Amino acid sequence: MKSFAAAVAASFVLAASGTAANAQISDDVVKIGVLTDMSSLYSDATGKGSLAGVEMAVADYGGKVKGKPVVVVSADHQNKPDVGVNIDNEKVDAIFDVPTSSVALPVSALTREKNKIHINSGGGSSDITGIACSPNTVHWTYDTYALSNVAGKAMVKRGEDTWFFVTADYAFGMALERDAANVVKESGGKVLGDVRHPLNSSDFSSFLLQAQASKAKVVALANAGGDTTNALKQASEFGLTQGGQKMIALLQEITDTHALGVKAAQGLIVTDAFYWDMNDETRAFSKRFNEKVGHMPTMIQAGLYSATMHYLKAIDAIGTDEAPKVMAQMKATPINDFFAKGGKIREDGRMVHDMYLFEVKKPEESKGEWDLYKQLATVPGDEAFRPLDKGGCPLIKTH
């Protein structure tokens with residue numbers, strides 16, 4: 001018998017959308033599948049919190065759309081592409097989240113084949129809206145280009161212009177290093193070297209010693225989740241920052257910073273799409289989320305609430321859950337909520353919105369458990385994300 005994880009994308013993903021000219025809500029239900037990491041290194045940033053973000057949006061919408069119930073199912077892809085594309089349980093109309101780019105990319109291809117909607121919040125590779133773009137996929141929250149672009153330009157401008165990369169050896173890590181290295185070089189900096197580590201590593205000593213020996217001004221971690229946390233803890237033990245090198249986590253979630261604590265993480269530069277303490281709206285949502293989940297929302301989890309609301313509003317507006325029609329409505333409608341003001345979904349599937357540069361507070365600056373960041377900059381979406389004509393998306397007609 002298949003495990004639950006190996007048992008919730010053939011029909012979780014695969015039943016094709018109805019094609020009748022007068023299509024309404026198929027099967028008299030709108031079914032959202034949350035495909036995520038429930039048990040491994042990205043489970044704090046995604047996982048149960050991702051499921052909670054979707055469920056909160058559905059509940060706030062009233063649990064129905066056009067009088068039909070909205071059902072949410074979930075599965076753990078275990079960060080394995082073969083598991084992610086072979087989960088089968090119940091038919092779904094849309095797949096949400098999908099952290100781990102090596103899973104997100106084949107799931108995006110599969111939803112295109114089966115004419116379903118894929119709204120990605122957790123995966124990071126900019127290839128999702130670049131060479132692997134799909135008319136059925138929206139990339140909602142962040143990507144490797146935006147993370148690299150916001151932080152790289154700011155740091156090189158400050159004179160931190162020689163970099164060494166410690167990179168997770170899979171699609172996301174390599175895309176993050178590639179995009180960051182390009183930004184550093186284009187901004188006038190130099191890349192002195194890089195080293196690759198296996199996904200879900202516990203020992204970073206040999207990698208960090210190479211970074212230290214490079215004498216680069218910036219040691220950039222092109223990884224995420226537990227890998228980032230482990231690398232930062234060990235970098236502190238090896239004295240990298242005490243020796244004058246600046247550490248940057250190119251993807252650092254609020255849960256990672258909280259796990260490290262401000263004493264260990266102080267001064268760390270972080271690029272993010274969301275922070276709980278920005279205004280009354282972000283605080284109100286985050287308070288409710290914290291009460292439900294037990295921690296403040298990551299950008300991925302907050303993004304999923306926003307994306308779910310946008311998806312349901314699109315179905316409500318047009319009276320069908322047929323994928324192409326819903327996608328057209330989503331792309332035609334701006335996003336204005338606590339997550340994004342004036343957000344827009346481009347032709348390549350990229351949801352463009354402001355990004356933020358933060359610095360982790362010193363212990364004496366922090367006034368509470370989750371009072372972790374001070375904002376350094378707001379970068380408008382059109383400056384943060386890759387230009388439409390630069391990503392190589394085959395959907396974009398170039399003249």
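The values are calculated or read from the model by the stated rules, or taken from the named source; none is laboratory data. Just so you know, these numbers come straight off a predicted model, no measurement behind them. As a convention, Cβ positions derive from the backbone with ideal geometry for all residues, glycine included, and neighbour counts pool all protein chains shown. Side chains included, ligands, DNA and RNA excluded: accessible areas come from the protein's heavy atoms. Shrake-Rupley method; radii C 1.70, N 1.55, O 1.52, S 1.80 Å.
With the cut-off at 1.5 for a/c, could you classify segment 186-272 from its C-alpha gyration tensor as rounded, prolate or oblate? List each step's numbers first, then the result.
Numbers: a/c = 1.37, a/b = 1.25, b/c = 1.10.
It comes out rounded by the Cα gyration axes.
In whole percent, and with a 1.4 Å probe on the protein chains, what portion of the accessible area of segment 180-318 is carbon and sulfur? Present the calculation step by step, with values, prior to reporting the outcome.
Working: 2540 of 5340 Å².
Taking all protein chains in place, segment 180-318 shows 48 percent carbon and sulfur surface.
Any chance you could get the radius of gyration and Dmax over the Cα atoms of segment 213-340, in Å?
Rg then Dmax for segment 213-340, in Å: 19.1, 61.
Lys/Arg Cβ at +1, Asp/Glu Cβ at -1, dipole of the chain taken about the Cα centre: which of Asn182, Gln252, Ala59 is farthest positive-ward?
Farthest along the dipole direction, towards plus: Asn182.
With only alpha-carbon atoms counted, please give the Rg and Dmax of segment 302-374, in Å.
For segment 302-374, the Cα radius of gyration and maximum Cα-Cα distance read 17.0, 54 Å.
Subtracting the Cα-Cα distance from 0.36 nm times the residue separation, let me have the gained length for Asn200 to Lys331 in nm, one decimal.
Values: separation 131, 0.36 × 131 = 47.16 nm, distance 3.60 nm.
Answer, rounded to one decimal: 43.6 nm.
Taking the radius of gyration and the Kirkwood hydrodynamic radius from Cα positions alone, what is the Rg/Rh ratio for the chain, to two decimal places?
Radius of gyration over Kirkwood radius for the chain works out to 0.97.
Could you please state, rounded to a whole Å, how far the C-alpha centre of segment 136-161 is from the C-alpha centre of segment 261-288?
18 Å
Could you order the peptides 105-116, 329-340 from most to least packed, using the average number of other C-beta atoms within 10 Å per residue? All intermediate terms of the calculation are to be shown ahead of the outcome.
On the way: 105-116: 20.7, 329-340: 17.4.
Output ranking for 105-116, 329-340: 105-116, 329-340.
Place a label point 7 angstrom from the Cα of Ile131 along the Cα-to-Cβ direction, then list the residues of segment 376-399 whose backbone nitrogen is under 17 Å away.
Those under the cut-off are 389-396.
Between segment 367-391 and segment 104-131, how many Å separate their Cα centres?
Segment 367-391 and segment 104-131 have Cα centres separated by 23 Å.
Extension gain Ile318-Lys362, at 0.36 nm per residue separation less the Cα-Cα distance, in nm? List each step's numbers first, then the result.
Details: separation 44, 0.36 × 44 = 15.84 nm, distance 4.98 nm.
Gain on stretching Ile318 to Lys362: 10.9 nm.
Nothing charged except the Cβ atoms of Lys and Arg (+1) and of Asp and Glu (-1): what's the magnitude of the dipole of segment 295-355 about its Cα centre? Round to the nearest 20 debye. Walk me through the intermediate numbers first.
Values: 7 positive and 7 negative charges, 30 e Å.
Approximately 140 debye in magnitude.
Please report the antiparallel percentage of the DSSP beta bridges confined to the chain, to the nearest 5.
Of the beta bridges lying entirely in the chain, close to 30 percent run antiparallel.
Report, in deg cm²/dmol and to the nearest 500, the calculated mean residue ellipticity at 222 nm for the chain, where each DSSP H run with n ≥ 4 adds -39500 (n - 2.57) and the sum is divided by the residue count.
On the way: 14 runs with 150 residues, N = 399.
The per-residue figure over the chain is -11500 deg cm²/dmol.
For Cα pairs less than 8 Å apart in space and 6+ apart in sequence, what is the mean separation divided by the residue count of segment 271-399, i.e. the relative contact order in percent? Don't jump to the answer; show the numbers that get you there.
Details: 146 pairs, mean separation 25.9, N = 129.
Value for segment 271-399: 20 percent.
Of the listed peptides 69-76, 237-244, 382-389, what is their order by residue-averaged count of other C-beta atoms within 10 Å, with the highest listed first?
69-76, 382-389, 237-244
What FRET efficiency, computed as 1/(1 + (r/R0)^6) with R0 = 22 Å and r the Cβ-Cβ distance, is obtained for Lys233 and Arg158, rounded to the nearest 0.05? Walk me through the numbers before you get to the answer.
On the way: r = 25 Å, r/R0 = 1.14.
Approximately 0.30, to the nearest 0.05.
Using the heavy atoms of the protein chains and a 1.4 angstrom probe, tell me the accessible area per residue for the chain in square angstrom. All intermediate terms of the calculation are to be shown ahead of the outcome.
Numbers: 15180 Å² over 399 residues.
Ligands and nucleic acids excluded, the figure is 38 Å² per residue.
What lysines could a cross-link reach from Lys397, if we take a straight Cα to Cα line under 23 Å and drop same-chain neighbours fewer than 8 places away?
Excluding near neighbours in sequence, the set is Lys325, Lys331, Lys344.
Highest first, please rank the peptides 34-41, 188-195 by the mean number of other Cβ atoms sitting within 10 Å of their residues.
Details: 34-41: 24.1, 188-195: 16.2.
Result, highest mean Cβ count within 10 Å first: 34-41, 188-195.
Taking the Cα centre of segment 184-302 as origin, work out the dipole magnitude from +1 charges on Lys and Arg Cβ and -1 charges on Asp and Glu Cβ, in debye rounded to 20.
Values: 12 positive and 12 negative charges, 62 e Å.
Dipole about the Cα centre, nearest 20: 300 debye.
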